[in-house]
Amino acid sequence: MIPGARLIILGRQGAGKGTQCTRLSRHYVVPHISTGDMLRAAVREGTELGKTAKAIIDDGGLIGDEIMIGLVKERLSRGDAMSRGYILDGFPRTVGQADALVEFTAEQGRMVDVVIDLDVPRERVLERLSSRRVCRDCGTNYTATGTERNGWSCDVCGGDVVQREDDTPESISRRLDLYESQTEPLIAYYEERNELVVIDGFGHPDDVLARMIGAIDLRKRGGSAAAGSR
Ligand code: AMP
């Protein structure tokens, strides 16, 4: 039987978290829980949450901790996450969210196995974000090369492939600033708890994935974080 995993993936917008999380989710057979995807689905469905979230997302801001913590606790309480684990992508984003998650996972008796910081410098992610395209329906990520014709459809589900509304230069810059002020402190937070592994996110996606799996399996076998980091 394939063992599950409980993972948190940190990293700047455009570091490749979405792509790698999809692949890790297949590898460990656990749900990929992306808070960004959950919020975008709520916007599409026109729920109360979606109505509150839309302007904040488009502007590159952060949704309040209370809402986000409630959303994630509910998702982590479902059967698939309880039995096999999960990959959290986009959460926690603030120390308040991280504190709530530590408390919640301790109550559940299911602590996170490892926190990965997928490290790609700001200059590199800026290039990636400007060419990022995403399927409106299933969330698959693509990189535009400039040669695509109009009406690009998704290889996975056939949905429309578009540029995210929050991938404008102003919003990208605001989100990267917020990452540095709100989310980067989480790197020290998890380092102090001895749960962090830093993975170089630069390079071919297959190589990055192999580095991540190597570090996760080492931690799950009880190896030290330092052995998997650089
Ligand atoms: P992402 O797809 O992870 O880049 O998330 C898109 C947007 O959703 C972010 O820019 C935030 O506005 C919002 N968002 C996603 N996750 C969180 C979170 N954990 N806390 C607050 N806002 C979030």
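The values are calculated or read from the model by the stated rules, or taken from the named source; none is laboratory data. The structure presented is a predicted model; accordingly, all values stated were derived computationally and were not measured. Note: ideal-geometry Cβ built from the backbone for every residue, glycine included; neighbour counts use all protein chains shown.
Being more than 7 Å from the ligand (Cβ to nearest atom) and of a type outside the set (A, V, I, L, M, F, W, C) is the filter; apply it to the range 52-64 and report the residue that is nearest to Leu39 (Cα to Cα).
Lys54
Within the range 159-172, track down each residue that is away from the ligand (no atom under 12 Å from the Cβ) and either assigned to a helix (DSSP H, G or I) or loosely packed, with under 11 Cβ neighbours inside 10 Å (or both).
Listed by number, the residues that qualify are Pro169, Glu170.
Does the range 205-219 contain any residue that is more than 19 Å from Leu7 (Cβ to Cβ) and part of a helix (DSSP H, G or I)?
No, the range 205-219 has no match at all.
Could you identify the single residue in Thr94, Thr105 that is within 16 Å of the ligand (Cβ to nearest atom), among the hydroxyl-bearing types (Ser, Thr, Tyr) and within 15 Å of the chain's Cα centre (by Cα)?
Only one candidate passes the filter, namely Thr94.
Let's see how each residue does on (1) part of a helix (DSSP H, G or I); (2) buried (at least 19 other Cβ atoms within 10 Å of the Cβ); (3) free of Cβ contacts under 8 Å to residues at least 60 places away in the same chain; (4) out of contact with any Asp or Glu (no Cβ under 7 Å at 6 or more places or on another chain):
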position	(1), (2), (3), (4)
Cys21	yes, yes, no, no
Leu49	yes, no, yes, yes
Ala53	yes, yes, yes, yes
Ile56	yes, no, yes, yes
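Filtering the range 109-134 down to residues that are in a strand (DSSP E or B) and either among the charged types (D, E, K, R) or in contact with a Pro (Cβ under 8 Å, 6 or more places away or on another chain) (or both), which residue is surrounded by the most Cβ atoms within 10 Å (Cβ to Cβ)?
Asp117
For the range 67-86, state whether one or more residues are near the ligand (Cβ under 9 Å from one of its atoms), touching a residue at least 12 places away in the same chain (Cβ under 8 Å), in contact with a Cys (Cβ under 8 Å, 6 or more places away or on another chain) and under 30 Å from Arg133 (Cβ atoms).
Checked against the condition, which is being near the ligand (Cβ under 9 Å from one of its atoms), touching a residue at least 12 places away in the same chain (Cβ under 8 Å), in contact with a Cys (Cβ under 8 Å, 6 or more places away or on another chain) and under 30 Å from Arg133 (Cβ atoms), the range 67-86 yields no hits at all.
Quick one: which residue in Asp65, Asp59 is of a type in the set (Asp, Glu) and farther than 16 Å from Thr183 by Cβ?
Asp59
Scanning for something crowded, with 18+ Cβ neighbours inside 10 Å and among the hydroxyl-bearing types (Ser, Thr, Tyr), does the range 91-108 turn up at least one residue?
yes
Scan the range 58-106 for residues that are outside any loop (DSSP other than H, G, I, E, B), out of contact with any strand residue (DSSP E or B) (no Cβ under 7 Å at 6 or more places or on another chain), at pLDDT 95 or above and not small (Gly, Ala, Ser) and report the count.
19
Quick one: which of Arg175, Arg219 is touching a residue at least 60 places away in the same chain (Cβ under 8 Å), among the basic types (Lys, Arg) and out of contact with any strand residue (DSSP E or B) (no Cβ under 6 Å at 6 or more places or on another chain)?
Only one candidate passes the filter, namely Arg175.
The rows are residues; the columns are (1) closer than 20 Å to Ile56 by Cα; (2) among the basic types (Lys, Arg).
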residue	(1), (2)
Cys154	no, no
Arg174	yes, yes
Leu178	yes, no
Pro185	no, no
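For the condition in contact with a strand residue (DSSP E or B) (Cβ under 6 Å, 6 or more places away or on another chain), more than 10 Å from the ligand (Cβ to nearest atom), within 25 Å of Glu107 (Cβ to Cβ) and in contact (Cβ under 8 Å) with a residue 24 or more places away in the chain, what is the one hit in Ser25, Ser34?
When all the criteria are applied, what remains is Ser25.
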